[in-house]
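This report refers to the structure that appears directly beneath it.
The values are calculated or read from the model by the stated rules, or taken from the named source; none is laboratory data. None of these values were measured; they are calculated from a predicted model. Note that each Cβ is placed from the backbone with ideal geometry, even for glycine, and that neighbours are counted across all protein chains shown. Accessible surface areas use protein heavy atoms only, side chains included; no ligands, DNA or RNA. Shrake-Rupley method; radii C 1.70, N 1.55, O 1.52, S 1.80 Å.
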Number of protein chains: 2
Amino acid sequence: MIDVIATAQQALDVDMNGATAVVIDVLRATSSMTCAIHNGARSIVAVNTPEEAFDFKAKSSSRVILGGERHADKISGFDLDNSPLSYSADVVRGNDIVMTTTNGTLAIGACRRADRLLISSFLNADNVINQLQSVSGDIYIVCAGTEGRFTIEDGLCAGYIVSKLVGDKSDFAISMQQVYLSSSEDIRLVASKGEHFERLKRKGYAFDLDVCFSDIRNYEALECVDGVIKKL
Amino acid sequence: MIDVIATAQQALDVDMNGATAVVIDVLRATSSMTCAIHNGARSIVAVNTPEEAFDFKAKSSSRVILGGERHADKISGFDLDNSPLSYSADVVRGNDIVMTTTNGTLAIGACRRADRLLISSFLNADNVINQLQSVSGDIYIVCAGTEGRFTIEDGLCAGYIVSKLVGDKSDFAISMQQVYLSSSEDIRLVASKGEHFERLKRKGYAFDLDVCFSDIRNYEALECVDGVIKKL
């Protein structure tokens, strides 16, 4: 069964033993992770709190970059915010990154019991789909959402992935596929009706929206193993 | 804000104080309720268990018809199952009905704290929409779903209602509107991809599906006041 879960919070209630999970947080955590790894970062560790991030850095022998957000803005004492534009090659190449975001890292944590955990955004969706096409067990595509609420941009990306897969699909997966297929001419336009898109635009992150909804689909697929995210 | 809630279970977590709620269980509880009232039933009381239904009947001085289902079939000792075809005029006219169904009555119970509670199916959606167009506060359209899972037929009906309303819409409401609008040429075809539709078809309820997805939209809107459902 191919299922889509509407929020990180709902993912906590799903038994993912034996399943493959895919976490999506288009605006912006998984888009930024995709950019960071594409631009040469060695690994990303997702943690729940800024304190855990500072702890990790203090205990690490190599250089660690701290990235993430609270209320969409950079965390005090951190190196980078949650903008994909901040994870450029000159900043991240060869480095390990620790990230904490409001919804994306929560969704990743919720999927720890899955057999395999992939990280997707629109930017690397085609390579994530390639991986999923050979999966025979259950697939849970988890939309991070924002503060417990479903966000349409995650649903659109989930729908894009579902539309490329063959197999039994849940009613919610079919619905998200339908939302994507009927929006495929202009995904950004449909996403722009969403609350979270609007909030980021108001906060001045318009260029981030350009990146997250660009036509790129072939950045590297990411996998999270034992809490560490790397390219596949 | 116009919001859509994916399941009865999720509705339990929503604070509906001051809001208008609409409960939808297309297959089949709210479709059957709509048919019952349209065919002359005086009232419907929705209860959670068969025991409550028998109790209600035992304490009632007037004739009471018991209707509902467990696992989609008639409950032992009940008069009627959950098929809209069972609630014909010759059976229900002038009578009070007590119903218990797996998902629909749960959703109705979850919305008891709303200021106003309307009951919708496709069959009476246009009159429900008429009522909602003059609502100024929050509107929660609750899809009953089936056993805690979202079902596409409820989402399609919610999307139909959302598409006719003007106002701030949540990301999930916009998504359901998109699912409906892109399916409006053949709602039944899209609904037929759903698990619950398929299950009812397998169980031999094909005629029920014809009724629930007929082109009728103008049956009477229903309101639930103090647990009693009547025509508006």
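Condition check ((1) within 23 Å of A:Ile216 (Cα to Cα); (2) hydrophobic (A, V, I, L, M, F, W, C)) across all residues:
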site: A:Ala53; (1), (2): no, yes
site: A:Lys59; (1), (2): no, no
site: A:Val64; (1), (2): no, yes
site: A:Lys74; (1), (2): no, no
site: A:Leu85; (1), (2): yes, yes
site: A:Thr102; (1), (2): no, no
Note to self: Quick check on my filter: what residues within region A:55-95 are buried (at least 21 other Cβ atoms within 10 Å of the Cβ) and aromatic (Phe, Trp, Tyr)?
What the structure shows: A:Phe78, A:Tyr87
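Residue check: is A:Tyr180 touching a residue at least 40 places away in the same chain (Cβ under 8 Å) and among the hydroxyl-bearing types (Ser, Thr, Tyr)?
Values: touching a residue at least 40 places away in the same chain (Cβ under 8 Å): no; among the hydroxyl-bearing types (Ser, Thr, Tyr): yes.
So A:Tyr180 fails the test.
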Notebook entry, point to check: Do we have any residue at all in region A:157-164 that's out of contact with any Lys or Arg (no Cβ under 6 Å at 6 or more places or on another chain), open to solvent by 70 Å² or more (accessible area, probe 1.4 Å), at pLDDT below 95 and not β-branched (Val, Ile, Thr)?
Noted result: no
Notebook entry, point to check: Given region A:127-232, what strands (runs of 3 or more DSSP E) lie entirely inside it while holding 1 or more residues that are within 13 Å of another protein chain (Cβ to nearest Cβ) and under 30 Å from B:Ser192 (Cβ atoms)?
Noted result: A:139-143
Check: If you go through region A:165-216, how many residues are in contact with an Asp or Glu (Cβ under 9 Å, 6 or more places away or on another chain), open to solvent by less than 10 Å² (accessible area, probe 1.4 Å) and of a type in the set (Gly, Ala, Ser)?
Finding: 4
Notebook entry, point to check: Is it true that some residue in region A:27-39 is within 14 Å of another protein chain (Cβ to nearest Cβ) and either open to solvent by less than 10 Å² (accessible area, probe 1.4 Å) or in contact with a strand residue (DSSP E or B) (Cβ under 6 Å, 6 or more places away or on another chain) (or both)?
Noted result: yes
Margin query: So A:Leu123 passes all but one of these: (1) among the hydrophobic types (A, V, I, L, M, F, W, C); (2) touching a strand residue (DSSP E or B) at 6+ places or on another chain (Cβ under 8 Å); (3) open to solvent by less than 10 Å² (accessible area, probe 1.4 Å). Which condition number does it fail?
Written below: (2)
